[in-house]
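Here is the structure we will look at.
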Amino acid sequence: HKPDPILVADNVTRRFGGITAVDVDHFEIERHGITALIGPNGAGKTTFFNLMTGFDTPNTGRWTFDGQDMAHMKPERVARMGMVRTFQLTKVMSRLTVLDNMLLGAPVQPGEGMFRSLVPPLWRKQEKANIEKAEALLERFLLIKKKDDYAGSLSGGQRKLLEMARALMRDPKLVMLDEPMAGVNPALKQSLLDHIVSLREEGTTVLFVEHDINMVRHIADWVTVMAEGRIVAEGQPKSVMDDPAVVDAYLGAH
Ligand code: ATP
């Protein structure tokens, strides 16, 4: 057990017909660290993300985030509590501009009926703050020149950056990244890595799923290995990645 876990899950299972996609006895992540969740295709990593963030419902299990019981919470509520995630296949809105995609991630949506009509000055102030924050993040993620372009015109890698930037609009406590490096061109990879490391420096906890072993070795403080829905190993990257059993199980599937 870790000294100060931000997410703690117990007995979480998810079955699809005859397949048990997730069967996790115990899982926890330490606050302020970078944890990598690795494992072969079909191990259950994405399903586990979906369960933790309210995008899917488990058959059994309990988990707490920042000390709060999270069962039966909808994704929007989970995000409001400070746990946000990105998707393996990005969910950017192609027909909205890059800036508007960012504003969709804002805690209070400018234009939200009640808020907008009842307190116009407050709404305008909030909108201005949201735009400033969005632009600062776009600057940081090297997308500022694209802010008025349709998100549909971005490359796969730029969409990943946009999704990560959008996730940060809420100042989350925990960011869960599903394969942040997949489809990102090599030139952008280093800056993406730097961004993730800087999140840790700012006190944000990061959990990421990744097949890129180099990335895991470079930035993870802790590695958890999943196979057939179960946690099969965990520890510091060096000891986990050099464990022959892990190498066999993990690399065997590639
Ligand atoms: P990858 O690395 O390929 O993304 P993963 O570790 O994220 O894999 P999951 O996508 O979570 O694995 O899949 C775990 C298992 O659950 C697989 O056998 C998959 O086919 C199954 N599965 C996932 N979602 C569903 C679903 N909606 N309906 C049926 N089976 C599903």
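The values are calculated or read from the model by the stated rules, or taken from the named source; none is laboratory data. Quantities reported herein were computed from a predicted structural model and do not represent experimental measurements. Glycine also receives a Cβ, built like all others from the backbone with ideal geometry; neighbour counts cover every protein chain displayed. What goes into the accessible areas is simple: the full protein's heavy atoms, side chains included, and nothing from ligands, DNA or RNA. Shrake-Rupley method; radii C 1.70, N 1.55, O 1.52, S 1.80 Å.
Couple of notes before you dig in:
- Legend: residues 144, 219, sorted from most to least accessible area (1.4 Å probe; ligands, DNA and RNA excluded), read 144, 219.
- Relative contact order computed over the stretch 146-254 (Cα-Cα under 8 Å; 6+ residues apart), in percent: 19
- Relative contact order of the chain, taken over Cα pairs closer than 8 Å and 6 or more residues apart, is 27 percent.
- Electrostatic dipole magnitude of the chain [Cβ: Lys, Arg +1; Asp, Glu -1; Cα centre; debye, to 20]: 960
- Among the listed pairs 2/45; 74/189; 147/189; 45/189; 74/173; 45/128, a Cα-Cα separation exceeding 26 Å is found for 74/189; 45/128.
- Estimated translational diffusion coefficient (Stokes-Einstein, Kirkwood radius over Cα pairs, 37 °C, 0.692 mPa s) of the stretch 124-254: 200 µm² per second.
- Under the Karplus curve 6.51 cos²θ - 1.76 cosθ + 1.60, θ = phi - 60°, whole-Hz ³J(HN,Hα) for the stretch 91-104, x wherever Gly or Pro sits: 10, 6, 8, 4, 8, 10, 6, 4, 5, 5, 4, 4, 5, 5
- Peptides 206-212, 67-73, 193-199 ordered by average Cβ neighbours within 10 Å, highest first: 206-212, 193-199, 67-73
- Spin-label model, residue 144/residue 62: points 7 Å from Cα along the beta carbon direction are separated by 4.8 nm.
- Less than 5 angstrom separates the built amide H of residue 22 from those of 14, all sequence-distant by 5 or more or on a different chain.
- Structure-based [θ]222 nm, the chain - -39500 (n - 2.57) summed over DSSP H runs of at least 4, per residue, nearest 500: -11000 deg cm²/dmol
- Centre separation in Å (Cα based) which lies between the stretch 156-183 and the stretch 205-251: 20
- Once backbone amide H atoms are built at 1.01 Å from N, residue 226 has 38, 39, 232 as its partners under 5 Å, excluding neighbours fewer than 5 places away on the same chain.
- Surface accessible to a 1.4 Å probe, per residue, for the residues of the stretch 152-253, Å²: 41
- 5 angstrom amide H check on residue 85, placed H, neighbours 5+ away: 176
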